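Colleague: This structure is in structure tokens; I'll ask about it shortly.
The values are calculated or read from the model by the stated rules, or taken from the named source; none is laboratory data. Only a predicted model underlies this, so the values are computations on that prediction, with no experimental measurement involved. Virtual Cβ from ideal backbone geometry, glycine too; neighbours counted across all protein chains shown. Only protein heavy atoms, including side chains, enter the accessible area calculation; ligands, DNA and RNA are left aside. Shrake-Rupley method; radii C 1.70, N 1.55, O 1.52, S 1.80 Å.
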Amino acid sequence: MDRHAWVHFTRGTGPPDLSRLGEKSATAARLFLDHFELPLPPGLWSTHSDLRVGVGMASSTADIVATLRCLFQLFSVPYDEGLVLTILAAIERADSVFLDEFALHLSGRHRVIRRLGTAFGFHTAFVTEPGTVDTEAVTTSLLEHYRRRGEEYERCLTDLLKGFDSGDPAAVARAATTSAALSQEVLPKAHFHDLLSHRERFGADGLFVAHTGCLIGYLFPRRLDAHRKSELSAFFRSLGYQCSFVQGGYG
């Protein structure tokens, strides 16, 4: 989605304080520097993120990747996706935000199974329900759920891949909706059924949720006009939320 984390390093005279980065990003920086046997020059770190923490936006992975990309540029080292994966594997289960395309990615094993390209994208309208989710705390229950509903997830994955293979975003959105419905059994969203029952009214191709977070919203094939945005905003306000509109994917 069109939201980002930014990390900057400005050369200067002061000691480079890694604590400005946060624990995981600081660890990533140390691993990078150890790998290349590089000293960090004097200077100042600064960060900015559009991503809320603990709601399913992959904020911690994005922070780590932004830090590593900053370091690659700082030392004029060619970007090495393999090293990024190695460092991520030493720190946390990771989302595939280090890629600039859709992909099947094993977050626990830090392995890209299949790249799915950049053929299309979606326009989204979403809200963040109250609370935060600790990814590490819910991992065990999620994995148990995936094993218990393995056949349903396998069918969902098959439909998803067919959608990518045929360049059919509506099929991908339908698979996302199926996955969102399955997610209700383990990390339910309070307004899932409200959104599902109004999907056709708004012309959305499907629903999506953060499977380890609090996000829920609609997937649209085309940019929304002002009238449709007003309708959606009023609908979500009736549920007690202000919705956000963000482009997702690459089309």
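Colleague: Could you run through segment 1-39 and say how many residues are open to solvent by less than 60 Å² (accessible area, probe 1.4 Å), assigned to a loop (DSSP other than H, G, I, E, B) and under 30 Å from GLY248 (Cα atoms)?
Modeller: So the count comes out to 1.
Colleague: Is it the case that some residue within segment 66-73 is of a type in the set (A, V, I, L, M, F, W, C) and in contact with a Lys or Arg (Cβ under 9 Å, 6 or more places away or on another chain)?
Modeller: Within segment 66-73 (the criterion being of a type in the set (A, V, I, L, M, F, W, C) and in contact with a Lys or Arg (Cβ under 9 Å, 6 or more places away or on another chain)), the answer is no, since none of the residues qualifies.
Colleague: Here's a follow-up. Within segment 123-141, restricting attention to residues that are at pLDDT 90 or above and surrounded by 15 or more Cβ atoms within 10 Å (Cβ to Cβ), which residue is farthest from LYS229 (Cα to Cα)?
Modeller: It comes out as GLU129.
Colleague: Among the residues in segment 40-59, are any assigned to a helix (DSSP H, G or I), touching a residue at least 40 places away in the same chain (Cβ under 8 Å), small (Gly, Ala, Ser) and closer than 30 Å to PRO188 by Cβ?
Modeller: To start, the set of residues in segment 40-59 that are assigned to a helix (DSSP H, G or I) comprises 59.
In the following step, the residues that additionally are touching a residue at least 40 places away in the same chain (Cβ under 8 Å) were identified as 59.
Right, trim to small (Gly, Ala, Ser) and you get 59.
The next check asks that each one be closer than 30 Å to PRO188 by Cβ; those that pass are 59.
Scanning segment 40-59, I find at least one residue that is assigned to a helix (DSSP H, G or I), touching a residue at least 40 places away in the same chain (Cβ under 8 Å), small (Gly, Ala, Ser) and closer than 30 Å to PRO188 by Cβ, so the answer is yes.
Colleague: Just give me the residues in segment 90-109 being among the hydrophobic types (A, V, I, L, M, F, W, C), farther than 16 Å from LEU33 by Cα and not in a strand (DSSP E or B), in sequence order.
Modeller: Matches in segment 90-109: ALA94, VAL97, PHE98, LEU99.
Colleague: Look at LEU142 and say whether it is of a type outside the set (Phe, Trp, Tyr) and in a strand (DSSP E or B).
Modeller: Criteria not met by LEU142.
Colleague: Select from segment 105-116 the residues that are surrounded by 13 or more Cβ atoms within 10 Å (Cβ to Cβ) and out of contact with any helix residue (DSSP H, G or I) (no Cβ under 6 Å at 6 or more places or on another chain) and write down the one among them that is modelled with the lowest pLDDT.
Modeller: SER107
Colleague: Out of (1) modelled with pLDDT of 95 or more; (2) open to solvent by 20 Å² or more (accessible area, probe 1.4 Å); (3) outside any helix (DSSP H, G or I), what's the single condition that is false for ASP194?
Modeller: With (1) modelled with pLDDT of 95 or more; (2) open to solvent by 20 Å² or more (accessible area, probe 1.4 Å); (3) outside any helix (DSSP H, G or I) applied to ASP194, the lone miss is (3).
Colleague: I'm trying to understand the selection: among the residues of segment 172-188, which are β-branched (Val, Ile, Thr) and outside any helix (DSSP H, G or I)?
Modeller: VAL186
Colleague: Under 9 Å between Cβ atoms, which residue pairs at least 6 apart in sequence (or on different chains) link something in segment 236-251 that is over 17 Å from ARG222 (Cα atoms) with a partner that is of a type in the set (D, E, K, R) and not in a helix (DSSP H, G or I)?
Modeller: Partner pairs satisfying both residue conditions: TYR241/GLU129.
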